[in-house]
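Scroll down for the structure; my scribbles are underneath it.
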Amino acid sequence: MKKKHPCSSFPHFIHGADYNPEQWIYDKAVWDMDMQLMEKAHTNEMTVGIFSWAKLEPSEGVYDFSFLDEIIDKIGKNGKKVILSTPSGARPHWLAEKYPEVLRVGQDGVREHFRARENHCFTSPVYREKVKNINRKLAERYGNNPTVIAWHISNEFNGECHCQLCCDAFRDFLKNKFNNNIDELNHNYWADFWSHTYANFEQIEPPGKNTETGIHGLNLDWKRFVTHQTKEFIKCELEPIREITPHLPVTTNMMFEFYDIDYYKFVDIIDFASWDSYPEWHSCDDSVIASKTAFWHDLYRSLMKKPFLLMESTPSLVNWKPYNKMKRPGLDVLSSLQAIAHGSDSVQYFQWRKSRGSSEKFHGAVVGHDGTDNTRVFRSVKKTGEILEAIDEIAGSFVDSQVAVIFDWENMWALDDCQGYAKDDKKYFETCYDYHRLFWERGINCDIVSPKSDLKGYKIVVAPMLYLTDAETIENLKNYVSDGGILYGTYMMGTVDANDLCYLGGIPAKDLRKVFGIVSEEIDTLYPHERCHTVFGEAEHELIDYCEVIHPETAEVVASYCDGFYKYSPAVTINSFNKGKAVYQAARDRQSLKSAIIDMLIQESGVTSVVDALGVLPHGVTAHSRTDGENLYIFVENYSCDESATVKLRKKMKNMLTGEFCEICEIAPYGFAIFKEEH
Ligand code: GAL
């Protein structure tokens, strides 16, 4: 296994931040201070240019790169690297003034005024052209500058536009999908319902506040279109970049619990994944926050099957949540190392220096308004930098996972839209988190994958609430089990097809019925106060929210309902299918039933924890591993605020930070340790 660094010309952990020196252009002494502080903080990278368009092109076609020249030069001379951003996330005034088409139109049909950021029209030919122009200039000027190691495309793409250009592009997208045949569209959208049959493509409008939202296939295709159009926009951004700087890798920063874009579709246009992580630490048990954050680290690592970058995180607090709490001492370093444990090759912050005015003036930063290194936050950033230097040999290494949880944007959109079940809160994210947490609390590396990804090699794959399963997914899951995999599915599996049409003839649909060896007849949504029960193994488990009534066909029933009119009917089944097995959990439980099922599957499949654990680790503790093919690196993390934890390693190993060898380790509250198993 060869190490794979996201920025191949810089084979180290990256420790850096979003840096906005243009805000301090009137006082360049600040820049010089920054250079000294960057060195003291043990950083080695700054991401620049994200919101610099107004400075770089102060009026149309008039470019001024003097500030960027100077700052890149200073950073380079300071021995550090730059990730260079394209500035399309926020446009200059002149552009909006002269070409209003670049401004977004809302669902209500109203065009925005110049405001905010990340709110341009993705379709506008003018915007695409202007972005290509400035990107070309940047690529020509800095593409061969050895300080620059990668491209950061725009910033956190999000949202949608309802202007005429976008509506037309949407119609073209649908014409292409339905072979220019409106009858085909009507049929696949079930549009005769409520007499909403379309006579032609021109009648189609994007779903919105005053337009059609009752056709679920249309709603789903609109979301697909938004991803498609965002991607088309990125491709435009990339034209000059790929042409002039084919040697520089490209990313765009993605987000937490992000709804608008199916990021799986980005894999063929970026070179590595990166994301911005802002968990709500201390809002409840930190182990819950840690495992949710871990889910997204795992997803972005799995996206490209290689190390990713933590592009943004706050070294202390954010300023945009309802309550902006500081990270407790210790947790800042721990949460940074968490990213590394899950396969990140960087810890980067938003922001290097706190801005003086405007909306982010109270957002956490490495350097505060006092402008010194004499702060708790600065010291803690420095400590993270020192640790990253000490463990630099881990950079570029991989995470090997024997298990995976399936998460799917299209499924989420369809579930969310569907009128049924618990109408307004199906809890898809939460359910995926709950299944992922089973592995997190056992110290088992876990990938988060699309239902269409290659599942070969995983011993266990969990597919929670996979309501939308298209033909490709069905085939993929079937082949996985047939070849010997263990698939663990749940209620709602295989209910609708790619157009959100219900499968006829019994669900789970088509071959999934054979794979699971069951057929589902009905599903009961419980009121929030209601409970049902089942017995699995020795224990009784409480059931909440959903109880599906299923019938075994070839499956063995391993747990039945204890109450209600469906008492004695199956709650959990196992089916052998060719070389593999499929477990079906028909009802939602709090966690104990899942936990018992997963223990059974772990035992059966031979999946192992990265530490010496049978079952769950002490509360709040988790462990992960990375490998470069020769050495194994074990990270043990403790998210408890007040309890130390004792964890047994699989053998005596070297603590990379203390140099001691041990087999039993004691981890302090908000503490961690990194061990190396040499070969
Ligand atoms: C991110 C954004 C940054 C900054 C940060 C504040 O979403 O990319 O520019 O605004 O949030 O937390």
Requested in this report: Give, rounded to the nearest 20 debye, the magnitude of the charge dipole that the chain has about its Cα centre when Lys and Arg contribute +1 at Cβ and Asp and Glu contribute -1 at Cβ.
Outcome: 1540 debye
Query raised in the report: Quick one: what does P(r) look like for the stretch 57-105 with 5 Å bins over all Cα pairs, in whole %?
Result: 4, 16, 20, 20, 13, 11, 8, 5, 2
Report summary line: So the carbon and sulfur contribution to the accessible area of the stretch 621-678, 1.4 Å probe, in percent, is 44 percent
Report summary line: So the compactness index of the stretch 573-628, its C-alpha Rg divided by 2.2 N^0.38 Å, takes the value 1.38
Requested in this report: Compute the projected area of the convex hull of the Cα atoms of the stretch 254-338, averaged over all viewing directions, and report it in nm² to one decimal place.
Outcome: 5.8 nm²
Report task. Take the alpha carbon gyration tensor of the stretch 403-605, find the square roots of its eigenvalues, order them as a ≥ b ≥ c, and report rounded if a/c is under 1.5; if not, report prolate when a/b exceeds b/c, else oblate. Result -> rounded
Report task. Work out how much length Glu521 to Asn179 would gain on full extension: take 0.36 nm times their residue separation and subtract the Cα-Cα distance, in nm to one decimal. Result -> 119.6 nm
Query raised in the report: In whole Å, what is the distance between the alpha-carbon centres of the stretch 71-148 and the stretch 454-502?
Result: 40 Å
**Report entry** Peptides 507-516, 611-620 ordered by average Cβ neighbours within 10 Å, highest first
**Finding:** 507-516, 611-620
Query raised in the report: Of Ile634, Ser450, Trp409, which is farthest along the charge dipole of the chain in the positive direction, counting Lys and Arg as +1 and Asp and Glu as -1 at C-beta?
Result: Ile634
Requested in this report: With a/c under 1.5 counting as rounded, go ahead and sort the stretch 299-423 into rounded, prolate or oblate using the C-alpha gyration tensor (a ≥ b ≥ c being the square roots of the eigenvalues; past the cut-off, prolate if a/b is larger than b/c, else oblate).
Outcome: oblate
Requested in this report: Kindly rank 309-317, 353-361 from highest to lowest mean number of other beta carbons found within 10 Å of each residue.
Outcome: 309-317, 353-361
Query - Gap separating the Cα centres of the stretch 1-38 and the stretch 613-652, nearest whole Å - result: 31 Å
Report summary line: Cα extents of the stretch 621-678 along the principal axes, largest first, in whole Å, come to 36, 19, 18
Report summary line: Taking the alpha-carbon centre of each part, the distance from the stretch 412-445 to the stretch 159-216 in Å is 29 Å
Requested in this report: Once you have the Cα-Cα distance between Cys284 and Thr213, take 0.36 nm times their residue separation minus that, and quote the gain in nm to one decimal.
Outcome: 21.9 nm
Report summary line: Kirkwood-based Rg/Rh on the Cα set of the chain evaluates to 0.98
Report summary line: The farthest towards the positive end of the charge dipole of the chain, of the residues Gln23, Leu95, Thr525, given +1 on Cβ of Lys and Arg and -1 on Cβ of Asp and Glu, is Gln23
Report task. Could you work out the relative contact order of the chain, using alpha carbon pairs under 8 angstrom and six or more residues apart, expressed as a whole percent? Result -> 11 percent
Report summary line: Protection proxy (average C-beta count within 10 Å per residue), highest first, orders 581-592, 334-345 as 334-345, 581-592
Report task. Find the accessible area per residue for the chain; the probe is 1.4 Å, ligands and nucleic acids are left out, and the unit is Å². Result -> 39 Å²
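The values are calculated or read from the model by the stated rules, or taken from the named source; none is laboratory data. The model shown is predicted, which means the values in this text are computed figures rather than measured ones. So basically every Cβ, Gly included, is an ideal-geometry build from the backbone, and we count neighbours across all protein chains shown. The area values use the complete protein model at the heavy-atom level, side chains included, leaving out ligands, DNA and RNA. Shrake-Rupley method; radii C 1.70, N 1.55, O 1.52, S 1.80 Å.
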